[in-house]
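In what follows, a single structure is set out as structure tokens and then discussed.
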Amino acid sequence: MTQRVIKRQEILDAFNFRRAIKTFDPTKKISEEDFNVILEAARLSPSSCGIEPWKFLVVQNQEFREKLKEISPGAQGHLPTASHFVIILSRASEDTRYDSEYVKNQWLNVMGVPDEISDQIIEGIRNFQVNQQNLFENEQKALDWAKRQTFLPFANMMTVGALLGIDSCPIEGFYIDKVEKLLAEENLLEDGHLAVSAMVAFGYRANEPAFPRGRKDMKDIVQWIN
């Protein structure tokens, strides 16, 4: 397989290009090929214990976007103008537990590990979840852990978009209970097996950002322990 080596400056240029765009040009649409690459970046993202506790809803229906707009204050400029709008979902603890059918299926059928070592892998996951992280102390702790996993593909999608010259904006400004109620009414949460984690909009900026990018200096955020 031939791979093109991305130059360091290309990577930095993409990160400098990426801004939290509030309004997109509604006349410009992302090609199917480019958006599939963004989705593939999400699909190939890493997850703790390899269980991929996520699902991505690509919301293109304008009527549904209008319903979301009523309960998503942070997406007022995005929902009417974004080329593509994604709701990122995380899995409930009944799926992410080491002894769940979901986890067993993930390792046996998705990952394709041999039966003879599957018990050893599941025991390793149990030790991590129960003894190291104490994830099932309560439902919220387990859900928070799953939601943290979704931020890995979340970030990768935006980074790959930037490498392709596509703008994006991460969104957490929504009434989570109302959004989950709407999705449940549309049978999109698999009977409570899924919960809303975040949203992200993609498109092409209508205008350049009004303010320059501001970031802390490297010395203020990195400490080396030699």
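The values are calculated or read from the model by the stated rules, or taken from the named source; none is laboratory data. Predicted, not measured: the structure shown is a model, and the values here were computed from it. FYI the Cβ positions are ideal-geometry reconstructions off the backbone, even for glycines, and counts take in every protein chain you see.
For the subset of region 131-142 comprising residues that are touching a Lys or Arg at 6+ places or on another chain (Cβ under 9 Å), closer than 9 Å to Ser93 by Cβ and not small (Gly, Ala, Ser), which member is modelled with the highest pLDDT?
Ranking the candidates gives Leu135 first.
In region 75-100, what residues are surrounded by fewer than 16 Cβ atoms within 10 Å (Cβ to Cβ) and not acidic (Asp, Glu)?
Selection gives Gln76, Pro80.
Restricting attention to region 1-54, and to residues there that are surrounded by 15 or more Cβ atoms within 10 Å (Cβ to Cβ), small (Gly, Ala, Ser) and under 29 Å from Arg213 (Cα atoms), which single residue is nearest to the chain's Cα centre (by Cα)?
Going through the qualifying residues, I end up with Ala42.
Could you check region 1-80 for helices (runs of 4 or more DSSP H) lying wholly inside it with 3 or more residues that are at pLDDT below 95?
8-17
When the residues of region 161-173 are filtered to those that are among the hydrophobic types (A, V, I, L, M, F, W, C) and touching a helix residue (DSSP H, G or I) at 6+ places or on another chain (Cβ under 6 Å), which remaining residue is surrounded by the fewest Cβ atoms within 10 Å (Cβ to Cβ)?
Leu164
Go through region 106-116 and report how many residues are more than 22 Å from the chain's Cα centre (by Cα) and on the phi < 0 side of the Ramachandran plot.
Counting residues in region 106-116 that are more than 22 Å from the chain's Cα centre (by Cα) and on the phi < 0 side of the Ramachandran plot gives 6.
For a quick check of your reading of the model, give me the residue pairs whose first member lies in region 196-209 and is more than 21 Å from Leu89 (Cα to Cα), whose second is of a type in the set (Val, Ile, Thr), with beta-carbon atoms closer than 6 Å and at least 6 apart or on different chains.
Hits for this filter: Arg205/Ile21; Ala206/Thr23.
Let me confirm something: among Phe24, Phe15, which residue is closer than 17 Å to Arg205 by Cβ, in contact with an Asp or Glu (Cβ under 7 Å, 6 or more places away or on another chain) and among the aromatic types (Phe, Trp, Tyr)?
Phe24
Does region 145-180 hold any residues that are of a type in the set (Val, Ile, Thr), closer than 25 Å to Arg205 by Cβ and over 12 Å from the mean Cα position of the chain (by Cα), and which are they?
Listed by number, the residues that qualify are Val160, Ile166.
On the basis of being of a type in the set (A, V, I, L, M, F, W, C) and either at pLDDT below 95 or surrounded by fewer than 10 Cβ atoms within 10 Å (Cβ to Cβ) (or both), does Val222 make the cut?
For Val222, the condition - of a type in the set (A, V, I, L, M, F, W, C) and either at pLDDT below 95 or surrounded by fewer than 10 Cβ atoms within 10 Å (Cβ to Cβ) (or both) - is met.
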